[in-house]
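S.K.: Here you go, one structure.
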Amino acid sequence: MESVIAKGKTIKEAIQKGLELLNLSDQEVHVEIIQPEAKEFWGMVKVNSTLRGGKVYAELGADIHRAGSDSGTATFIEVPEDQKICIETAMERTTIKVGSKKHTFKETIRQVTAALDPSGRLMLE
């Protein structure tokens, strides 16, 4: 399997450059964030593959297929208090933060949605 390393000012830009280099769609690749961008990302983050390592801030929520890695690479996903994080598979050492509330998964969990309830408690469903 061919692989490339692409750089960009944002994660989205780097992924797009990599897809262009490979001449593939985002549905056909596995994306690994080697060095996350230095500044915050504003918008909705949707990862159809694996978010492995680094930190992502998603102003409009996050929808991630798989977060973390089998080797326990630390992965951090943050959204504002009025947004939610949806992860199909959250691996051990994946940390999520909604507003000021955060949780680190101690083991792999599937089909998790994280949001704050009306009293400000972090709810994992």
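S.K.: Would you please give the residues with an amide H less than 5 Å from that of Glu59, counting only those at least 5 places away or on a separate chain, with H modeled from the backbone geometry?
M.R.: Counting only residues 5 or more places away or on other chains, the set is Gly43.
S.K.: Which percent, to the nearest 5, of DSSP beta bridges fully inside segment 36-124 are antiparallel?
M.R.: Close to 40 percent.
S.K.: Okay, moving on. Would you mind computing, in nm to one decimal, how far apart the modelled labels at Thr104 and Ser25 are, each placed 7 Å from Cα along Cα→Cβ?
M.R.: 3.9
S.K.: How large is the convex hull of the C-alpha atoms of segment 36-124 per residue, in Å³?
M.R.: 78
S.K.: So what J values fall out for segment 79-95 if you push phi through Karplus, 6.51 cos²θ - 1.76 cosθ + 1.60 with θ = phi - 60°, rounded to Hz, Gly and Pro as x?
M.R.: Listing the rounded values in order: 9, x, 5, 9, 10, 9, 10, 10, 10, 5, 9, 9, 7, 3, 6, 7, 10 Hz.
S.K.: Let's see if you can work this out: charge +1 on each Lys and Arg Cβ, -1 on each Asp and Glu Cβ, no other charges. What is the dipole magnitude of segment 36-124 about its Cα centre, in debye to the nearest 20?
M.R.: Here segment 36-124 has a charge dipole of around 180 debye.
Read-outs throughout are calculated quantities, based only on the coordinates presented, and are distinct from any laboratory measurement. Bear in mind the structure is a predicted one, so any value in this text is a computation, not a measurement. With ideal geometry, Cβ positions are generated from the backbone for all residues, glycine too; neighbour counts draw on all protein chains shown.
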